[in-house]
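All of the numbers you see were taken from the coordinates with simple rules; none came from a lab. Model, not experiment: these values are computed from the prediction. Note that we place each Cβ from the backbone using ideal geometry, even for glycine, and neighbour counts take in every protein chain shown.
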Amino acid sequence: MERDAAKGVREDQGQGRLAIGTFRIALALLVAAALAAGAGLRWFSPRAPKAEPGTPAQPDAPPGMAWIPGGTFQMGDGTLRSDSRPVHAIRVDGFWMDTTAVTNEAFARFVAATGYITVAERVPDAKDFPGADPETLVPGALVFTPPETAKTCCGPMDWWRFVPGANWRRPQGPASGIAGLERHPVVQVCWEDAQAYAAWAGKRLPTEAEWECAARGGLDRQPYAWGARPPEQLKRWPANLWQGTFPSGGKAEDGFAGTAPVGSFPANGYGLFDMSGNVWQWCADWYAPDYYAHAPSENPPGPPRSEAYDPDEPGVKKRVMRGGSFLCHDSYCSGYRPGARMKSTPDTALCHTGFRCVKSAE
Ligand SMILES: [Ca+2]
C-alpha cells in the first residue's frame, strides 16, 4: 500500500497536476513576475497478443487502421488510482483504429492541405489569461526540461518549461525541428488540434472506452497491454518508457530517450502499436474522476462538459488522455497501463502528447 500511495503522489507530480490551462497561466504569471519566465456481446479471455509488426492489414481495412472487435470488456483497474475504479463491464461497438499514433509526416500533410495553425503557434488570447503581462502572451508550448541533477524533492515546475516558439514543427523549441522524425508521433498538438486533424481525415478521436478496449488487445483484466508481467521482467522492453531515475538520470535502455518512430515496439493483440508509452493520446471524452461509478454500460461517451471535473484543479475542464509516454516508469507513473487515466486541458500542447484516430463501422 505504501508503494502504491507513494506512486500515486509521484504520478500526480509527474502528470496529474498538469492542468495546463491553469499551468500556462501560472507559467505566464511566473514569466511576468520574473521577466523570464465485433458487434455482438462476448467476453474476452486472456490470451497472448497475436499480431506482430508487419502483420498484413485486413483486406477491407481503411489504410493504416485495424479492426477492433466490439463486445464487452472489463474497464478500469482496481489497483490504480480511484478514478480507475470500479472495474466495470462496458460494451462497445466494433470500430476501426489507427494502428499507430499520427506521425509528423501525416500531420504535415494535413497542415499543407488545410493551412491549419495549431494552438501552440497562435498568440494566446489575453482574455484567457487575466492578469498576465501581454508581453508574456507569446506562442509556445511545454517542453520537458529535466534538472541537471536528480533532486529528492521536486515537482513538475522543475521539469516542465513553457518554451516560446515550441510547437509541432519545433517540439523542443525554436532551435529544434522534425527533420528525420517524419515517422515519429506528432507532439505539441492539443486536443483542439487533434480534433481538427481527425475531422480532416474523415475520422474522429476515440472515446475513452474505445481507447481502453483497444489498448487491452483482447486480454481480460491484465495490468499491462502485453499481459501480467511488469516491463522490467520481460526479456525486451515492450514499449518506449523511461528507465533510470526521474526526472534526471534517464538511461534510455529501450533505445529511446524521447519519442520513438511509430511501430518500434511489438503490437498488442489487435495489431496496435504504442498503446503503452511513446506519447500520451487524446481521447474525445471530458474527464470526471467518478465517471465509472455511473457511466452507461454501452458505448459510454464520457460525461457532459457540465460534469467535467478534476479535483486537482476544480474549475478547470479537462479532456482525457491515455497511454503514458516515454516519460513513464512503473516506479512513479502507471499511465502506460491500459486502465490508467490522465487528463489535461484541451488547449494544452506538450512534447510527450499526440493522438490517434478511429472510425466507426459503416
Ligand atoms: Ca525510452
What ³J(HN,Hα) values, in whole Hz, does the Karplus curve 6.51 cos²θ - 1.76 cosθ + 1.60 give for the stretch 154-168 when θ = phi - 60°, with x put for Gly and Pro? 7, x, x, 5, 7, 10, 10, 10, 6, 10, x, x, 6, 7, 5
Here the gain from full extension of SER360 to ALA293, 0.36 nm per residue of separation minus their alpha-carbon distance, amounts to 21.5 nm
Expected vector for the stretch 319-335, Karplus 3J(HN,Hα) from phi with 6.51, -1.76, 1.60 and θ = phi - 60°, integer Hz, x for Gly and Pro, equals 9, 7, 10, 9, x, x, 8, 5, 9, 8, 9, 4, 6, 9, 8, 9, x
At a 10 angstrom cut-off on C-beta neighbours, averaged per residue, how do the peptides 282-290, 337-345, 107-115 rank from highest to lowest? 337-345, 282-290, 107-115
If amide H atoms are built 1.01 Å from N in the plane of the peptide, which residues on other chains or at least 5 residues away come under 5 Å of the amide H of LYS343? MET321
Mind ordering 312-325, 127-140 by average Cβ neighbours within 10 Å, highest first? 312-325, 127-140
Translational diffusion coefficient (Stokes-Einstein; Kirkwood radius from C-alpha pairs) of the stretch 83-160 at 10 °C, 1.306 mPa s, in µm²/s: 89
Separation between Cα centres of the stretch 71-148 and the stretch 251-327, rounded to whole Å: 9
What is the stretch 229-327's relative contact order, in percent, from Cα pairs under 8 angstrom and six or more apart in sequence? 29
For ALA141, what residues show an amide H to amide H distance below 5 Å, using hydrogens built from the backbone and excluding near sequence neighbours? VAL163, GLY165, ALA166
Using only the Cα atoms of the stretch 155-229, what semi-axes does the equivalent ellipsoid have when each is the square root of 5 times a gyration tensor eigenvalue? Give whole Å, largest first. 29, 19, 13
Once R0 is set to 41 Å, what does the formula 1/(1 + (r/R0)^6) return for the Cβ-Cβ distance between LYS127 and ALA89, expressed as a FRET efficiency to the nearest 0.05? 0.40
Could you give me the ³J(HN,Hα) list for the stretch 95-100, computed from phi with Karplus coefficients 6.51, -1.76, 1.60 and θ = phi - 60°, whole Hz, x at Gly and Pro? 7, 8, 9, 4, 6, 9
Taking every pair of distinct Cα atoms and averaging 1/r, then inverting, what Kirkwood hydrodynamic radius in Å comes out for the stretch 199-315? 16.5
Report Rg(Cα)/(2.2 N^0.38 Å) for the stretch 98-143, keeping two decimals. 1.55
